[in-house]
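Worksheet for the structure shown next.
The values are calculated or read from the model by the stated rules, or taken from the named source; none is laboratory data. Note that the structure is a prediction, hence the values are computed from the model and not measured. In this analysis, Cβ positions are derived from the backbone assuming ideal geometry, glycine residues included, and neighbour counts consider all displayed protein chains. The area values use the complete protein model at the heavy-atom level, side chains included, leaving out ligands, DNA and RNA. Shrake-Rupley method; radii C 1.70, N 1.55, O 1.52, S 1.80 Å.
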Amino acid sequence: MNRVVHFEIHATDVAAMKKFYSDVFGWDMQQMGSEYGDYVVISTGPGPDEMAKGAVKMEDMGINGGMMARKGAAPASGQAVNAYVCIIGVDDVDAYMTKVKDHGGTIALDKMVVPNVGDLAYCKDPDGNLFGIIKPVKM
């Protein structure tokens, strides 16, 4: 099956967005050198190596990503979504909505219950990038 294996966040202020995602979600950021276009590698948690060792279960796996300087204007408020939207698994949607707001983000769509799926909300980082947060229903 063809799976999504990497995501990218485009940022007007890369340093500020690195801080936002590190502060809100605890993601590790590794700044690459200029030979890589000053790309930032984002680690959201354990990777395939840890799963292969049996240290992580498949259902706890996610994907890692990157961040780079935006090549144009940030999305305008109210603009239609024009990219894939990543949804981040969390243990408490209300707590993460508060963390998002406390770190300069906004709530784009308040928490809702999606039957047989979980609690879901959509947020924007301080640069206007849309993302979701979900507390999945345990199956």
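Brief remarks follow.
Yes/no matrix, rows are residues, columns are (1) at pLDDT below 90; (2) open to solvent by 60 Å² or more (accessible area, probe 1.4 Å); (3) under 18 Å from Ala11 (Cβ atoms):
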{"position": "Gly78", "(1), (2), (3)": "yes, yes, no"}
{"position": "Gly105", "(1), (2), (3)": "no, no, yes"}
{"position": "Lys111", "(1), (2), (3)": "no, yes, no"}
{"position": "Gly118", "(1), (2), (3)": "no, no, no"}
{"position": "Asp127", "(1), (2), (3)": "no, no, yes"}
{"position": "Ile133", "(1), (2), (3)": "no, no, no"}
{"position": "Met139", "(1), (2), (3)": "yes, yes, no"}
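- Pair list, Cβ < 6 Å and 6+ apart or interchain, from the stretch 116-137 residues that are over 24 Å from Lys19 (Cβ atoms) to residues that are basic (Lys, Arg): Gly118/Lys135; Asp119/Lys111; Asp119/Lys135
- Elements of type strands (runs of 3 or more DSSP E) contained in the stretch 53-139, each with 1 or more residues being among the acidic types (Asp, Glu): 106-114, 118-124
- Leading residue by the ranking (farthest from the chain's Cα centre (by Cα)) among those in the stretch 1-46 that are basic (Lys, Arg) and open to solvent by 60 Å² or more (accessible area, probe 1.4 Å): Arg3
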